[in-house]
Amino acid sequence: MKRTSRAIFLLLAAAVARGFCESGSDDGRSDLLFDVNPREWGGNVGVGYRGLGLVSGLDTILWAYAGGAYDGAPLGSINFWRRSDGSLIVGTALSSTEKASFDRVGGEWQLGAAQGILWNARKKVNLLEGFLFLRGRAYVNLVDSDSATDQLIYLSGLPDAQGSLQNSLLAGLSFDDAVTDARTKVIDGKSAELSVEWGPDWLWNTVYGDADFLRLNATARFYLPLFDMDPAAPRNVFAMGLADFASVDWVMGSKVPAEIARTFGGRDPRTGLGGAVRGIDSASADAVFKAVNNLELRASLPALFLKDVVPGFLVYFDAGWYDNTGSAWNGSGQKGLLASTGLGISLNVLDITTLVAYTHYRLTGTNADGTAWTPFDFGLALHF
């Protein structure tokens, strides 16, 4: 029920956004851009405007993001996998008096701009662009006072154990030369991003909770088409491609919030290391240094009814490394390797999103429930 409601909302929101973008500049591109990211109870919406034309032949895009969500029962929750002494819960079970999940309510906002440096003629977008954003997030962890002794986040003693107001400056460079074939849905090309996120305590980070950190992030995606059974066919018959994603994230600072340690940074943060390595307890193996690699073999099957309704399947291998050596963050110096493999079946729906059903198997250790196999998991988009 949870996943179905999210899928329906995503399809509707993306369809509306596409409708808004149909009319625009003389070259057929809209001056308005929309970025919709739904969640179980809420979501974020970004609106971009690229009509300024400050540099001839390149896009100058002004962006504004805002949104909020309730993450909690009955549809989902946030996880924190550390005991009060700072030790990570990786491959060990929770006791009957420990609760890793908790509910949260909050909002996010972001203001900034992206300026093109080089142009991508085949995509009609910036090939290389620089960006700068002021990013904010505010949330309250809904820890039940009657069971606070069970909540790992409450017992952590971190500055954001009960919630936080965080502000940061995000700057970086991004490269985009990945193109999806309209017929086969196989991606060709590569993209990359380098970013630095700075959240000093003087940037209103001591009003509620406390934060003082610097995060460096590097992310790259590589796509290689392998096979197209019938390139002349009007609809896909059978096609295959390789895809690879890699990211490295390093956080420094005297007051690193849990929200920063449990995610990879950049313009589109992702939960990890657990989660970025599929089949691993979501947000587990949080660390000041983490790296992940996702490798996939993807296949597109014959289109169903319409050219843009294309089923498929994938086989993946994920690996990641986390390291808190030399860090005082939450009193832990643990490090280790995580790896998993699995299968997925997918359905591209009118190029709005790709629904994926997975089965995962951990190659290193077990999850907190003592198992290595996750029989069923569902995603609203491809992992990358």
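Things to note:
- Failed condition for residue 381, given (1) in a loop (DSSP other than H, G, I, E, B); (2) in contact (Cβ under 8 Å) with a residue 40 or more places away in the chain; (3) more than 16 Å from residue 292 (Cβ to Cβ): (2)
- Pairs, first without any contact (Cβ under 8 Å) to a residue 24 or more places away in the chain and within 14 Å of residue 255 (Cβ to Cβ) in region 182-202, second among the aromatic types (Phe, Trp, Tyr) and part of a strand (DSSP E or B), C-beta under 9 Å, six or more apart: 200/213
- Test for residue 232: is it assigned to a loop (DSSP other than H, G, I, E, B) and either among the polar types (S, T, N, Q) or more than 27 Å from residue 180 (Cα to Cα) (or both): no
- Here residue 280 clears all of (1) part of a loop (DSSP other than H, G, I, E, B); (2) more than 26 Å from residue 86 (Cα to Cα); (3) β-branched (Val, Ile, Thr) except the condition numbered (2).
- Some residue of region 261-271 being more than 22 Å from residue 341 (Cα to Cα), surrounded by fewer than 24 Cβ atoms within 10 Å (Cβ to Cβ), within 15 Å of the chain's Cα centre (by Cα) and among the small types (Gly, Ala, Ser): yes
- Those strands (runs of 3 or more DSSP E) of region 20-103 in which 2 or more residues are at pLDDT below 90 and either within 20 Å of the chain's Cα centre (by Cα) or more than 18 Å from residue 275 (Cβ to Cβ) (or both) occupy 32-39, 42-49.
- Qualifying positions in region 308-342 - surrounded by fewer than 22 Cβ atoms within 10 Å (Cβ to Cβ) and closer than 18 Å to residue 380 by Cβ: 308, 309, 311, 313, 314, 316, 342
- Single match in 141, 126 (criterion: surrounded by 17 or more Cβ atoms within 10 Å (Cβ to Cβ) and under 22 Å from residue 164 (Cβ atoms)): 141
- Exactly one residue out of 156, 168 is under 23 Å from the mean Cα position of the chain (by Cα) and hydroxyl-bearing (Ser, Thr, Tyr), and it is 168.
The values are calculated or read from the model by the stated rules, or taken from the named source; none is laboratory data. Just so you know, these numbers come straight off a predicted model, no measurement behind them. Cβ coordinates were reconstructed from backbone atoms using ideal geometry, including for glycine residues, and neighbour counts include every protein chain displayed.
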